[in-house]
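These notes concern the structure reproduced below.
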Amino acid sequence: MNPYDVVKAQLGQVVPFQNHVGIELLEVGDGVASARMTQRKETSNHISTQHAGGNVHLG
């Protein structure tokens, strides 16, 4: 198992907030990462759109 696989496999244990908001880490590698988070009531703001904290794009 390479270091990226370790991060992908254990992120929910190291960062429990990932489980709370439902982030699914799809890909991690040299210079690349992607994740998915489904909008739910728990991740929505006061106007029923995705909370800004969930709208992060690095790149």
Of all residues in the range 14-28, how many are surrounded by 11 or more Cβ atoms within 10 Å (Cβ to Cβ) and at negative phi?
9
Which numbered condition Glu42 misses (of (1) within 11 Å of the chain's Cα centre (by Cα); (2) exposed (fewer than 11 other Cβ atoms within 10 Å of the Cβ); (3) acidic (Asp, Glu))
(1)
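Let's see how each residue does on (1) among the small types (Gly, Ala, Ser); (2) modelled with pLDDT of 85 or more; (3) in contact with an Asp or Glu (Cβ under 8 Å, 6 or more places away or on another chain):
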site: Leu11; (1), (2), (3): no, yes, no
site: Val15; (1), (2), (3): no, yes, no
site: Ile23; (1), (2), (3): no, yes, no
site: Gly29; (1), (2), (3): yes, yes, no
site: Ala33; (1), (2), (3): yes, yes, yes
site: Thr43; (1), (2), (3): no, no, no
Can you name the condition, by its number, that Val6 falls short on among (1) at pLDDT 90 or above; (2) of a type in the set (A, V, I, L, M); (3) open to solvent by 100 Å² or more (accessible area, probe 1.4 Å)?
(3)
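The values are calculated or read from the model by the stated rules, or taken from the named source; none is laboratory data. Model, not experiment: these values are computed from the prediction. A quick note on method: Cβ atoms are made from the backbone with ideal geometry, for glycine too, and the neighbour counts reach across all protein chains shown. What goes into the accessible areas is simple: the full protein's heavy atoms, side chains included, and nothing from ligands, DNA or RNA. Shrake-Rupley method; radii C 1.70, N 1.55, O 1.52, S 1.80 Å.
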